[in-house]
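None of the figures in this text is laboratory data; all of them are computed from the coordinates on show. Just so it is clear, the structure is predicted and the values come from calculations on it, not from any experiment. Neighbour counts are summed over all protein chains in view; Cβ atoms, including those assigned to glycine, are modelled from backbone coordinates with ideal geometry.
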């Protein structure tokens, strides 16, 4: 049975420390003159009793309202970013009582210019903090520098960008996620079989920050372990099914030695659709993110493995951290890495996209 927390009052702390209640109040609120000796006594007692002031009452009494913006891609039901949004909404509900308002602004994840347009709209209103999905590196850096100028705190989610002044990052280590994909692939096809890397091309940017980091980690692992096969690359276009099928047809007509396919974002189900239509021989397919379509294909054995990153937790912690910073002056760790989960046919049914 869990132990109920003690209801510790200021006068209890004063009695334990051998000081007046006024002294305790001044230490708690960092106001007025207090001797170093009494500060040490009060802090020692606070540590012993794990004193937690009534933060809700303090926040409501201040009548301060907090406006936080979350900039994330728009999504269809069942897509990866829906889980991020669910985490954001969970945190928003929890912090409503502290006068916090969370606003979501959306952009097209396949269009860099859409992000830039959203970025231009951000500063049309006042806000206290912002959560940023970091798909487009250069654009996010420009936004970050403007936020720095205005002293507005910001968190990154999905993938990290080094050498910036973000308050915190929540997501996986994308480079290591790519290395894990390479290791899984080679355990199935060996060190000399040919691999196809398929990319989804974004309008205005070659690929997302997350996918670029994963591919770098993937290739680094191949080099480290002495991979002697050949890697073929194919750039597919979002929403261009005829174009993509023709390109894949040309690739597999000429490259019958390809034994493995890896897709560095959540769209590996699109390749499986092609594979079904063309009745291709069984390939080792490694993808990312346990969205509904990918999970079903993994259960059926058409996808070999999925690498997941707990998106709901990313969204939740990104908002929660910002709220705690703005309301309670709690400074988080700058880098907060999610576990990199590996899903196969036998364990995907038990998996949830959140650790909440």
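Summary table
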read-out	value
Coarse-grained scattering of the stretch 107-257 at q = 0.10 Å⁻¹, given as base-10 log I(q)/I(0) from a Debye sum over alpha-carbon atoms	-0.47
Stokes-Einstein D in µm²/s, Kirkwood radius over Cα pairs - the stretch 304-356 at 4 °C with 1.567 mPa s viscosity	102
Helix 80-94 axis, angle to the chain major axis (alpha carbon atoms, nearest 10°)	10
Whole-number percent relative contact order across the chain, with pairs defined as alpha carbons under 8 Å at least 6 apart	18
Computed P(r) (all Cα pairs; the stretch 174-308; 5 Å bins; percent)	2, 10, 22, 24, 23, 14, 4, 0
Gyration tensor verdict on the stretch 235-303 (Cα atoms; rounded if a/c is under 1.5, prolate if a/b is larger than b/c, oblate otherwise)	oblate
GNM result for the chain, Cα springs below 10 Å: residue of 97, 314, 302 fluctuating most strongly	97
Value of [θ]222 nm, deg cm²/dmol, for the chain, DSSP H segments ≥ 4, -39500 (n - 2.57) each, nearest 500	-14000 deg cm²/dmol
Gap separating the Cα centres of the stretch 302-356 and the stretch 30-49, nearest whole Å	38
Cα pair distances in the chain, grouped into 20 Å bins until the bin that holds the longest one, percent each	26, 46, 22, 6, 0
Cα-based radius of gyration of the stretch 10-53 once divided by 2.2 N^0.38 Å, which approximates compact folds	0.98
Nearest 10 degrees, 0 to 90: helix 241-254 Cα axis against the chain principal axis	60
Inter-probe distance in nm under a simple model that places probes 7 Å from Cα toward Cβ, at residue 145 and residue 31	4.2
Over the stretch 73-180: Kirkwood hydrodynamic radius from C-alpha pairwise inverse distances, Å	15.0
DSSP bridge orientation in the chain - percent antiparallel, rounded to nearest 5	10
Segment residue 257-residue 127, length gained on full extension (0.36 nm per residue, minus Cα span)	41.3 nm
Overall form of the stretch 69-127 per C-alpha gyration tensor (a/c, 1.5; a/b vs b/c)	oblate
Extension gain from residue 329 to residue 101, taking 0.36 nm per residue of separation minus the Cα-Cα distance	80.3 nm
The stretch 154-198: proportion of alpha-carbon pairs further apart than 13 angstrom, %	64
Crossing angle, helix 137-149 versus the chain [Cα axis fit, 0-90 degrees, rounded to tens]	20
